[in-house]
Amino acid sequence: MEDCDRGFDLEDRLGTLEERKQKRTLSPVDRVAERGYFADSAGGDLPVLDSEEALVFSSNNYLGLTDDQRVQDAARQAAATVGTGSGASRVVTGDTMVHHDLERLLAETKGTERALTFSSGYAANVGTITALDPDVIFSDEFNHASLIDGCRLAGCETAVYDHCDPASLRTELEDRADRADDDNDDESWLIVTDSVFSVDGTVAPLSTICELAEEFGAWVMVDEAHATGLYVDGGGVVQAEGLEERVHIQMGTLSKALASQGGYVAGSNALIECLLNDARSFAFSTGLAPTAAAAASEALHLARYSDAREQLWENVAHLRDGLETMGFSIPGESQILPVIVGDQRDALTLADGLRARGIVVPAIRPPAVPEETSRLRVAPIATHSREDVVSCLEAFRTVGTELGLL
Ligand code: PMP
């Protein structure tokens with residue numbers, strides 16, 4: 001037994017780093033550390049790369065509120081009055097009024113009885129799916145990793161249906177309904193989907209999904225991470241389509257349009273009671289930082305009552321129109337505008353060319369997206385000026401022409 005080595009050969013794994021560097025698949029966090037990247041909060045969404053300014057056109061800070069004085073003041077005030085951290089799980093001593101204020105506002109915005117916040121969107125998805133403990137889950141093939149991991153941890157059968165395809169979902173539902181000769185009427189079935197897909201820009205056909213759920217007696221869980229704050233009255237796609245009564249679980253993040261950090265689930269009183277007691281990522285994790293909760297509350301207030309949403313959608317329309325006029329075809333109908341290039345080297349060259357002209361839009365490549373669908377994920381934000389959008393379009397035109405993509 002003495003010679004036995006049951007450890008991990010991390011040196012060997014690190015040895016592949018050089019190879020990954022050559023192939024340019026190194027974790028971007030490492031690249032950032034190498035290049036000395038930091039965000040310049042004073043300059044709108046103008047992070048500084050290698051000491052030169054660049055315009056970022058791929059952020060999830062959709063309403064540009066991370067730099068808003070009112071949001072920053074709310075975080076400062078919470079730090080001064082409640083403290084910078086929760087100090088413990090909410091079920092022990094970490095619960096504060098700041099959390100409850102945010103949860104009330106979230107429930108009001110999402111049209112539900114209650115809401116509950118988690119320390120991240122990832123924790124919200126994993127905690128909710130495992131707490132529900134479904135018998136069968138039906139999951140869109142392009143769902144976010146945190147939904148996929150929730151399905152894996154739940155350990156139940158997961159039927160993956162084609163992206164945003166109700167016919168494929170119906171086939172999966174029918175297969176399961178037929179399978180056990182109607183013996184499965186008391187099984188619990190959960191359909192899970194993102195509402196806005198973060199690298200595809202597509203929007204799930206939620207009302208058709210709800211119809212199918214009702215036909216087969218299943219529940220629906222919608223991840224509104226990339227939609228929260230952007231639609232009617234600061235809600236998501238569920239609000240835009242008036243589906244509050246038909247979607248059982250609305251989940252979202254505080255880290256995108258809400259300019260903060262954390263996740264939430266909104267739904268019935270019974271759902272939230274169940275999560276308070278059975279979601280392990282809630283009970284066994286320190287409560288969301290009060291600073292993050294206060295910033296998200298203020299951002300949600302601004303998403304509801306300021307003109308930030310209007311400014312965002314104006315920038316989206318201008319940019320989409322400009323890119324399409326150039327000849328790029330932009331799938332989806334959300335604020336995320338994927339410029340599909342195909343070959344991953346072309347995508348990298350396009351991203352490098354834009355970068356050289358002061359526009360940051362990283363290339364998204366396999367395994368994050370299927371082979372031959374490498375793309376640039378273009379996402380304008382509300383605080384981009386008209387000139388910023390024009391600069392972005394000009395850079396696309398110049399580099400796209402140079403590369404023969406136009
Ligand atoms: N769902 C979706 C659709 C996401 O895009 C993300 C994160 N980008 C998450 C959940 C996880 O949220 P968080 O970053 O707050 O953990």
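Coordinate-derived values only; no laboratory data. For clarity, every value in this text was computed on a predicted model and none was experimentally measured. A quick note on method: Cβ atoms are made from the backbone with ideal geometry, for glycine too, and the neighbour counts reach across all protein chains shown.
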Hey, can you grab everything whose amide H is under 5 Å from the amide H of Ile359? Only 5+ residues off in sequence or another chain; H modelled, so Pro and N-termini drop out.
-> Leu55
So, with +1 on the Cβ of K and R and -1 on the Cβ of D and E, and no other charges, what is the size of the charge dipole of the chain about its Cα centre, to the nearest 20 debye?
-> 1640 debye
Row for the range 226-313, column shape: gyration tensor on C-alpha, a ≥ b ≥ c, rounded if a/c < 1.5 i.e. under 1.5, prolate if a/b over b/c, else oblate; value oblate
Anisotropy class of the chain from Cα gyration tensor, a/c 1.5 cut = rounded
In what sequence do Met97, Met251, Met221 fall when counting other Cβ within 10 Å, fewest first?
-> Met97, Met221, Met251
Taking the Cα centre of the range 69-305 as origin and charging only Cβ (+1 Lys, Arg; -1 Asp, Glu), how large is the dipole, in debye to the nearest 20?
-> 1720 debye
Comparing Asp68, Asp12, Asp352 in a Gaussian network model of the chain (Cα, 10 Å), the one with the largest mean-square fluctuation is Asp12
Can you tell which of Cys4, Tyr264, Val378 lies farthest toward the positive end of the dipole of the chain, using +1 and -1 charges on the Cβ of basic and acidic side chains (Lys, Arg; Asp, Glu)?
-> Val378
Length released on extending from Glu113 to Asp178, taking residue separation times 0.36 nm less the Cα-Cα span | 19.9 nm
Computed E for Tyr305/Glu19 - FRET, C-beta separation, R0 35 angstrom, nearest 0.05 | 0.10
Label the range 197-353 by shape, choosing from rounded, prolate and oblate, from the square roots a ≥ b ≥ c of the eigenvalues of the Cα gyration tensor; if a/c is under 1.5 it is rounded, and otherwise prolate applies when a/b is larger than b/c, oblate when it is not.
-> prolate
Per-residue [θ]222 nm for the chain (sum of -39500 (n - 2.57) over DSSP H runs n ≥ 4, rounded to 500) | -13500 deg cm²/dmol
